[in-house]
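> Dropping a structure here in structure tokens format, bear with me for questions.
Bear in mind that the values in this text are calculations on the coordinates, not laboratory data. The shown structure was predicted, so the numbers you read here are calculated from the model rather than taken from an experiment. As a convention, Cβ positions derive from the backbone with ideal geometry for all residues, glycine included, and neighbour counts pool all protein chains shown.
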Ligand SMILES: Cc1cc2nc3c(=O)[nH]c(=O)nc-3n(C[C@H](O)[C@H](O)[C@H](O)COP(=O)(O)O)c2cc1C
């Protein structure tokens, strides 16, 4: 599977990093990291994301300014995309069709080519504008899947909670995993 993963500057950008690190080897990841995501990761986690991702094979990393990247064109075959986490800024741009960087352009491409997109938007509380943007995108087939934890798989630690969320996103993208205990 060729998977586009965009990480934007919302809180919990670390989830995007872990999502990529846990991907099965055979998933080819095309990763775009926004400038704000780099900043948020540094401030929240003191993480240099590019350094962390260098260790994963089958991974191509792009800056948001690299508008010439293959994923900016519909003629380049990819299967699915996830924006994780998705800031309200990027959510709003996706909802109105703005394609001003590689993340929003890649979304526009996926959407026009009728390929699957999952958006993990993060904000608390959610404004009416954010809810309207999510509804609009949901109505055109985008899967809106914010990082909302469930307690049924009995997580005890922050790591287990994060694994639960990543497992739920993998479920949506049909990626096999064993990251959380399913309800029986
Ligand atoms: C540490 C930190 C946490 C942030 N958390 C959020 C958030 O949870 N949701 C959000 O919409 N914006 C959040 N922001 C603000 C965004 O980074 C900002 O709106 C930025 O313009 C988003 O740009 P991008 O969509 O290109 O990544 C946060 C910023 C920082 C520095």
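> Normalised by the number of residues in segment 2-150, what is the relative contact order in percent for Cα pairs under 8 Å and 6+ residues apart?
Value for segment 2-150: 25 percent.
> Please arrange 143, 103, 71 by how many other C-beta atoms lie within 10 Å of their C-beta, fewest to most.
143, 71, 103
> Let me ask something else about it. I need to check one value: relative contact order of segment 32-100, counting alpha carbon pairs closer than 8 Å and at least 6 residues apart, in percent. It would help to have the intermediate numbers written out before the result.
Working: 24 pairs, mean separation 18.6, N = 69.
It rounds to 27 percent for segment 32-100.
> Kindly provide the Kirkwood hydrodynamic radius of the chain in Å, to one decimal, from all pairs of distinct alpha carbon atoms.
Value: 16.4 Å, from the Cα pair sum.
> Efficiency by 1/(1 + (r/R0)^6): what FRET value for residue 182 and residue 73, r their Cβ-Cβ distance, R0 = 30 Å, to the nearest 0.05?
So, using R0 = 30 Å, E works out to roughly 0.20.
> Take the alpha-carbon positions of segment 78-166, form their convex hull, and give its projected area averaged over all directions (one quarter of the hull surface) in nm².
Approximately 6.5 nm², given one-decimal rounding.
> Just report the Cα centroid separation between segment 94-108 and segment 21-91, whole Å.
Comparing the Cα centres of segment 94-108 and segment 21-91, I get a distance of 14 Å.
> Order of 11, 127 from fewest to most other C-beta atoms within 10 Å?
127, 11
> Let me ask something else. Would you order 162, 28 from fewest to most other beta-carbon atoms within 10 Å of each residue's own beta-carbon?
Taking fewest neighbouring Cβ atoms as first place, the list is 28, 162.
> Here's a follow-up. Of all beta bridges DSSP finds with both residues in the chain, what is the antiparallel percent, to the nearest 5?
Roughly 0 percent of the DSSP beta bridges within the chain come out antiparallel.
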